[in-house]
Amino acid sequence: MHEIISNSILLILIMDPLGNLPLFMSLLKNFSPKKQRLILIREMLFSLIIMLIFLFSGEKILHSLNVKTETVSISGGIILFLIAIKMIFPIEYNDKMFIKEKNIEEPFLVPLAIPLVAGPSLLATLMLLSHQYSKNIIYLIISLIISWLFTLIILLLSGLFLKILGKKGVNVLEKLMGLILIMLSIQMFLNGIKIWFHS
């Protein structure tokens, strides 16, 4: 149970639903509320399928490369640390990077499912976790579904969250999530170093 909770929190932090709120809203602002919900649910289902593929194939890929557990833990800690730094010091995205104002098309797979939800950092983390929990893959599946559902609910209630918290409030929460992720990443890194010294 502890593993499920800790992995769920970790995946939620990497998915960063609060950080994605403004981008999702700007990309879907030209569609009706009903259409927005349908697009959002469809794209989230796409992202879940992609994440499950990486979760199941990750262990095989890393095993074929003969990657050890301590290597997974150390590299995972470094990846999570870099993700956390980006959350604390976010890059300002321009909506036009994702959609052209003059030619509005319905988003399909890109950029909502990939890379905003199922981004490279999340997919890499799933591969590393699948190696670390190769004998308890069911724990990771449950954690992934919990974090996915949490992210879906946050995004479906995006208007409400932005109305209550405002953009500044969302930014503060994202930075707080980044700080928590830094602590988790350092712990993962230290665990890898500890295993390496003992071996």
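The values are calculated or read from the model by the stated rules, or taken from the named source; none is laboratory data. Here the structure is a predicted model, which means the values were calculated and not measured. Cβ coordinates were reconstructed from backbone atoms using ideal geometry, including for glycine residues, and neighbour counts include every protein chain displayed. Side chains included, ligands, DNA and RNA excluded: accessible areas come from the protein's heavy atoms. Shrake-Rupley method; radii C 1.70, N 1.55, O 1.52, S 1.80 Å.
So is L157 over 23 Å from S32 (Cα atoms) and not acidic (D, E) or not? Give the steps one after another, and end with the answer.
Details: over 23 Å from S32 (Cα atoms): no; not acidic (D, E): yes.
Taking the combined requirement at face value, the residue does not satisfy it.
Scanning region 101-142 for residues that are farther than 21 Å from M87 by Cα, assigned to a helix (DSSP H, G or I) and out of contact with any helix residue (DSSP H, G or I) (no Cβ under 6 Å at 6 or more places or on another chain) yields K135, N136, I137, I138, I141.
Taking the condition in a helix (DSSP H, G or I) and touching a residue at least 24 places away in the same chain (Cβ under 8 Å), does L149 pass?
Spelling it out, it is not the case that L149 is in a helix (DSSP H, G or I) and touching a residue at least 24 places away in the same chain (Cβ under 8 Å).
The residue that is farthest from Y133 (Cα to Cα), counting only those in region 68-112 that are at pLDDT below 80 and among the β-branched types (V, I, T), is I104.
In region 98-116, the residues that are open to solvent by less than 60 Å² (accessible area, probe 1.4 Å) reach residues that are at pLDDT below 80 with C-beta atoms within less than 7 angstrom, at least six apart or across chains, in these pairs: P111/F98. The requirement of being at pLDDT 95 or above, open to solvent by 10 Å² or more (accessible area, probe 1.4 Å), under 27 Å from H131 (Cα atoms) and out of contact with any Asp or Glu (no Cβ under 6 Å at 6 or more places or on another chain) is not satisfied by L62. Can you name every residue in region 31-56 that is without any contact (Cβ under 8 Å) to a residue 60 or more places away in the chain, open to solvent by less than 70 Å² (accessible area, probe 1.4 Å) and in a helix (DSSP H, G or I)? Q36, R42 - these are the residues of region 31-56 that are without any contact (Cβ under 8 Å) to a residue 60 or more places away in the chain, open to solvent by less than 70 Å² (accessible area, probe 1.4 Å) and in a helix (DSSP H, G or I). Residues that are part of a helix (DSSP H, G or I) and either touching a Ser or Thr at 6+ places or on another chain (Cβ under 8 Å) or surrounded by fewer than 16 Cβ atoms within 10 Å (Cβ to Cβ) (or both) within region 157-170 comprise G159, L160, K163, I164, L165, G166, K167, K168, G169, listed in sequence order.
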